[in-house]
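Structure, as C-alpha cells:
The values are calculated or read from the model by the stated rules, or taken from the named source; none is laboratory data. For clarity, every value in this text was computed on a predicted model and none was experimentally measured. Neighbour counts are summed over all protein chains in view; Cβ atoms, including those assigned to glycine, are modelled from backbone coordinates with ideal geometry.
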Amino acid sequence: MSGIEVTYRFPPGVDAHREAKIIAIGQTAGTWGERWADRSERLRAHLGQVLDVMTLSDGTSRATVRYPLANCPEGVGALLTMIYGKYSLAGPARIVALAVPPGWGTRCRFGIGGIRSAVGVPSRPLVMAIFKPSLGLSPEDHALILRDAAFAGLDIIKDDEILPDIPECRVQDRLKACLPVIEEVRRATGKTVLYAMNLSGRADQVLETARVLVSEGANALLVNALTYGFPVLEALAADPDVNVPLFVHPAFSGALCGSRDWGLDYSVVLGTLPVLSGADAVLIPTHYGSLPFSESEEGRVKNELLARGVFPVPSAGIHPGLVPRVIADYGNEVIMNAGTGIMDHPEGTAAGVRAFFEALDRAGQGKSFEMENVPEGPLKSALRQWSR
C-alpha cells in the first residue's frame, strides 16, 4: 500500500463523486493559482486520490480516498485531522474503514501474548474485575476487595474509568495499599494479578503519573484514550519508562460513532485507532450486555483487534451466565470484564470470581447452564441473580 486509504459512506441523495473529490483535494494540498505553477509537480504529490465510488442497494454511497503517506508520516492526531478534520463540518459523511501501510503507527509492546505471559495463563479466557462502587471507596477498601478477588483466582482488576485522582483516594495511595496484596498473592499462589490503574489529569500529568506509578510497582494502566486523546496513548506506548500493558476504555466513543450518517464506525474508533496508538487491550461493549451495541459492530471491532494481536475485552453487563455466549463469540482469546457481575454477587466478591471460573469449566465441558442442571454453588447463585 502506497498511502493511507479511507472509505467514507454518504447517505442517499449526496453526490458521492463530488464529495470524494472535495475530500481528496480539500483535506490535502488544496488548489493553487498561477503563481505556484512552477511548484505544481511538488504540490500535486500531496494531493489525495479518489480510488473508487460506488452506490449500494440501500441508496447510500461509498468512496475510498488515498492520502499520500508523505502528508502524515506518523501520529494519530495528524491522521484524524487529515482524514476528517475540517470536512467533519461539511455535511453528512461517515468513515467506515481505515487502512494504513504495514509498520505505520505505534505498535503495542504486550498485546495478547504479553498479557498472558504477565498473568501466567497461556490459553484459557482471562477474567477481569472492576472495583465497585466506582467512587467513595478508600485505598484500603480497594485493597480488601482486591484480596478477596485475587485469592479466588482473578487474573486482572481495574479502576473504574470515572475514578480520577481524587483527594480521598489518590492513585498513588491505591497503589501503596494494593501492592502488598499483589505480592502476598504472588508468594502464596505463584500468580501475578494485574491491576490497571486509571490515569487522569492534564496530558503532562497523565504521562508523569504513569511514569511514577510504574516506577513504584504498578503493573498495568487504564487509559481513557477517547477523552484524553490518542496522542496521549501513543506517548505512553512509546515511553520506555511506562513498560506495562495499556488497557483502553471506550468512554466517549458513542459521541463519535453513535450517529448513522456522521462520525466514524466503531471498528475504526475502538479497533483500528487504538491498535495504531499502541493499545494492548481494548474494552468494548457486547451486543448482549447492558449498553445498546449491535452484533455486527462488535464483531468488526473484535476482528480488528485480534488481527493485530490486541486483546478484546467484552464489557458492560457481563456476568457468569453469559460465559458460553462470550466463548462462542470470541473463543479463548478474550478477557471477560465484569463489574457488578463479580462485585454484586450475593455471596461476595470471591464467590463472584469463582462463579466465572465455574462457568468457564462448565462451558468447556459443554454442560448445560439451565438452572435445574447447575449444582448449588457460586455459579447457580449468579444465575439466580442475573439470568432472569
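Please list, ordered by first then second residue, the pairs with beta carbon atoms under 8 Å, 6 or more apart or interchain, first in the stretch 81-97 and over 15 Å from Ala63 (Cβ atoms), second crowded, with 17+ Cβ neighbours inside 10 Å and aliphatic (A, V, I, L, M).
From the stretch 81-97, the pairs are Met82/Ile4.
Considering only the stretch 287-333, how many residues are buried (at least 23 other Cβ atoms within 10 Å of the Cβ) and either in a loop (DSSP other than H, G, I, E, B) or touching an Asp or Glu at 6+ places or on another chain (Cβ under 6 Å) (or both)?
Residues flagged as buried (at least 23 other Cβ atoms within 10 Å of the Cβ) and either in a loop (DSSP other than H, G, I, E, B) or touching an Asp or Glu at 6+ places or on another chain (Cβ under 6 Å) (or both) within the stretch 287-333 amount to 3.
Name the strands (runs of 3 or more DSSP E) wholly within the stretch 7-116 that hold at least 2 residues that are under 30 Å from the mean Cα position of the chain (by Cα) and at pLDDT 95 or above? Even if it seems obvious, please write down each step before you answer.
Working: elements: 49-55, 61-68, 93-99.
Output list reads 61-68, 93-99.
Can you give me the number of residues within the stretch 15-33 that are surrounded by fewer than 17 Cβ atoms within 10 Å (Cβ to Cβ), touching a residue at least 12 places away in the same chain (Cβ under 8 Å) and in contact with a Ser or Thr (Cβ under 8 Å, 6 or more places away or on another chain)?
1
Scan Ala255, Ala316 and give me the residue that is within 26 Å of Arg384 (Cβ to Cβ) and without any contact (Cβ under 8 Å) to a residue 40 or more places away in the chain.
Just a single option satisfies the conditions, and that option is Ala316.
Just one of Pro125, Pro167, Pro139 is assigned by TED's automatic domain parsing to the domain that holds Glu304, more than 30 Å from Leu51 (Cα to Cα) and free of Cβ contacts under 8 Å to residues at least 12 places away in the same chain; which is it? It would help to see each step written out before you state the result.
Working: Pro125 fails: free of Cβ contacts under 8 Å to residues at least 12 places away in the same chain; Pro139 fails: free of Cβ contacts under 8 Å to residues at least 12 places away in the same chain.
None of the others qualify; the one that does is Pro167.
Considering only residues of the stretch 1-53 that are out of contact with any helix residue (DSSP H, G or I) (no Cβ under 8 Å at 6 or more places or on another chain) and of a type in the set (Ser, Thr, Tyr), which is nearest to Asp261 (Cα to Cα)?
Only one residue tops the list, namely Thr7.
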